[in-house]
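Read the structure below first, then the notes.
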Amino acid sequence: MNKRVENALNDQIEKEASSSQFYLAMASWAETQGLNGTAKFLYTHSDEERFHMLKLVKFVNERGGTAVVPGLDCPAKEFKTLENVFQLLLEHELRVTDSINNLVDVCLQEKDYTTHNFIQWYVSEQLEEEALARTILDKIKLIGGDNAGLYLFDRDLENSSIQAEPSSGTLPGM
Ligand code: OFO
């Protein structure tokens, strides 16, 4: 496997693993605030990010590269408000999108069209994740400081169809 592509893929593995930790930290915080619907959404999302990481690990190894399982920094334990959580989440996803775009760029520069094709799944996924984060953040901003609104938001999130299954795709070789 092309070394530059392999390094970029391993860098993305680290980012997906960090995303999973980040969502897990937010889920745990939401749970301690009594926001069970939000916590459920974020726990599920943490599992999704782990799936994104695993999909990359398997791809790198199956193409003759070596996937590196990263050590991770401790994510934040405290968040100011629910709006703060989803603002951070959106900013985080925007950074992940930049990283995926960089990966696409490296694949094209190195003429690695197989990896380029594989990465298109992540390009689409990032579009969805950004849109979802923006929608949720807009709703929270509309609610403002209204506790009744927050209660309904949390309940809706618990019952919503966006509580997707963790692995909305298949891993290579599985
Ligand atoms: Fe893996 O998509 Fe979010 O970070």
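Coordinate-derived values only; no laboratory data. Given the structure is predicted, the values throughout are model-derived calculations rather than measurements. Positions of Cβ are backbone-derived with ideal geometry, glycine not excepted, and every protein chain shown enters the neighbour counts.
Can you run phi through the Karplus equation (6.51, -1.76, 1.60; θ = phi - 60°) for the range 10-27 and list ³J(HN,Hα) in whole Hz, with x for Gly and Pro?
Karplus-based 3J(HN,Hα) across the range 10-27 equals 5, 5, 5, 4, 4, 5, 5, 5, 5, 4, 4, 5, 4, 5, 5, 4, 5, 4 Hz.
In debye, nearest 20: dipole of the range 3-159 around its Cα centre with unit charges on the Cβ of K, R (+) and D, E (-)?
220 debye
Which residue, GLU16, GLU49, GLU128, tops the fluctuation ranking in a GNM of the chain built on C-alpha contacts under 10 Å?
Highest fluctuation of the listed residues: GLU128.
Using only Cα atoms, tell me the angle between helix 82-109 and the longest principal axis of the chain; keep it within 0 to 90° and round to the nearest 10.
10 degrees
Please return the longest stretch of the chain lacking exposed loop sites, where trypsin sites (Lys or Arg not before Pro) count only if DSSP places them in a loop and at most 15 other Cβ atoms lie within 10 Å. Before the final figure, lay out the partial values.
On the way: sites that count: LYS77, LYS80, LYS111.
With trypsin sites (Lys or Arg not before Pro) excluded where exposed in loops, the chain gives 1-76 as its longest stretch.
How long are the three semi-axes of the equivalent ellipsoid of the range 3-159, in whole Å, if each is the root of 5 times an eigenvalue of the C-alpha gyration tensor, listed from largest down?
33, 16, 12
Let me have the 222 nm mean residue ellipticity of the chain computed from DSSP H runs of 4+ only, each contributing -39500 (n - 2.57), with the sum over all residues rounded to the nearest 500.
Counting only the DSSP helices, I get -26500 deg cm²/dmol.
On a full-extension model of 0.36 nm per residue, what is the gain between ASP156 and GLU31, subtracting their alpha-carbon distance, rounded to one decimal in nm?
43.4 nm
Normalised by the residues of the chain, what does the relative contact order come to in percent, with Cα pairs under 8 Å and at least six apart? Present the calculation step by step, with values, prior to reporting the outcome.
Details: 179 pairs, mean separation 57.8, N = 174.
Result for the chain is 33 percent.
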